[in-house]
Amino acid sequence: MASSAPAVEIEVDDRVVRVSNPDRVYFPDLGLTKLDLVEYYLAVGEGLLTALYERPCMLHRFPKGLAGPKVHQKRLPAGAPPWVETVELFFPRWGRTADELCVTELGSIIWAVQMSTVEFHPWNSRRDDVEKPDEWRIDLDPGPASDWAQVRRVAGVVHEVLDELGAVGHPKTSGGAGLHVYVRVRPDHDHRAVRRAALAFAREVERRCPDDVTTAWWRKDRDPGHLFDDYTQNARDHTIAAAYSVRGRPDGRVSAPVRWEEVPDCEPDDFTILTMPARFAAIGDLHADIDRDVFDLAPLLEWAARDEAAGAPVPEEDAG
């Protein structure tokens, strides 16, 4: 049904974004509208801007709200104002390029929401050199028979191994049932090398948690009661929801930065469109200092070489 409400103009720093259909219901179970989504992103915008800044960003759009189809959008939607920035990406598998959104200011986030974006999925590299990631991503992805208690246990081991390496991990809920941990790295290596390092780390966690973790690539080879330490999220053009991104779930769940000491007691559904603005206002952006803590992947690449010498397979190259 067409919206009956007139468009509204939102002032964002020195930009004005026109939001059409502001009363269109995006989250039927919560009764939340497109304008509610805009207001959420304004409330946590500083944190999301840190997460997206100068990264190619794929958009998950819901033009009719969650009740309608989901659109995975690599190319910038038509009609962008001239101040919305992009980065050109090449996809060897298809022999094509695409101009993806490259967020440099809060106004471009709000414009993307005007274009029905619910989820923001950035690359782990920045536009200055999209082939050299500066972010290593640890993705604890529960299996069908896993539970949050298992995620908590494994997160503790992840933290332990990171501490031993001298790496600073920045955890966040996935906005689903899992947990992500981000580590800033020196942009000295390509995507394949970062994924190789991520697999070496995942294998170490698997060795310490054999009853909880698998690194098996094929789903059919995984125990449903194990969680997958998904090192493949570091492959070229693989993206996961940014910190502070809403997820396309009926409960309005958000991918929320958390402190390590919160992990044993928090629940994924503690963090929603309704609860996060007050949390952000009270504690600010928990990932605000993420760029300060930069890790050299050399020790993990040494682990990878050791494992491969012992017969562990080398990840295949991703064509992008």
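The values are calculated or read from the model by the stated rules, or taken from the named source; none is laboratory data. The shown structure was predicted, so the numbers you read here are calculated from the model rather than taken from an experiment. All Cβ positions, even for glycine, are placed from backbone atoms using ideal geometry, and neighbour counts span all protein chains on display. Ligands, DNA and RNA are excluded from the accessible area calculation, which covers all protein heavy atoms including side chains. Shrake-Rupley method; radii C 1.70, N 1.55, O 1.52, S 1.80 Å.
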Exercise. Report in % the part of the accessible area of region 80-126 that belongs to carbon and sulfur, leaving out ligands and nucleic acids; probe 1.4 Å.
Key: 50 percent
Quiz item: Could you give the nm distance between label points at residue 85 and residue 8, where each point is 7 Å from its Cα heading toward the beta carbon?
Solution: 2.9 nm
Quiz item: GNM, the chain, Cα, under 10 Å: largest mean-square fluctuation among 194, 118, 71?
Solution: 71
Quiz item: Once you list every other residue whose beta carbon is under 12 Å from the beta carbon of residue 308, what net charge do they have if Lys and Arg are +1 and Asp and Glu are -1?
Solution: +1
Quiz prompt | the chain, accessible area per residue, ligands and nucleic acids excluded (1.4 Å, Å²) | solution = 43 Å²
Quiz item: Helix-derived [θ] at 222 nm for the chain: sum -39500 (n - 2.57) over DSSP H runs of at least 4, divide by residue count, nearest 500?
Solution: -8000 deg cm²/dmol
Quiz item: With every protein chain kept in the model, how would you rank 226, 60 by accessible area, 1.4 Å probe, largest at the top?
Solution: 226, 60
Quiz prompt | Accessible heavy-atom area order of 185, 157, highest first, probe of 1.4 Å | solution = 157, 185
Self-check item: Carbon + sulfur, % of accessible area of region 161-320 - ligands and nucleic acids excluded, 1.4 Å
Solution: 50 percent
Practice problem: Would you mind getting me the FRET efficiency between residue 72 and residue 260? Use the beta-carbon distance for r and R0 = 35 Å, nearest 0.05. | Solution: 0.65
Self-check item: Largest-first ordering by accessible area, 1.4 Å probe, given options 72, 189, 180
Solution: 72, 189, 180
Exercise. Find, among the chymotrypsin sites (Phe, Trp or Tyr not before Pro) in region 167-262, those assigned to loop by DSSP (not H, G, I, E, B) with at most 16 other beta-carbon atoms within 10 angstrom.
Key: 217, 218
Quiz prompt | Packing-based order for 17-29, 89-101, using average beta carbon neighbours within 10 Å, highest first | solution = 17-29, 89-101
Exercise. With only Lys, Arg, Asp and Glu charged, each at its Cβ (+1 for the first two, -1 for the last two), find how big the charge dipole of region 1-142 is about the Cα centre; round to the nearest 20 debye.
Key: 720 debye
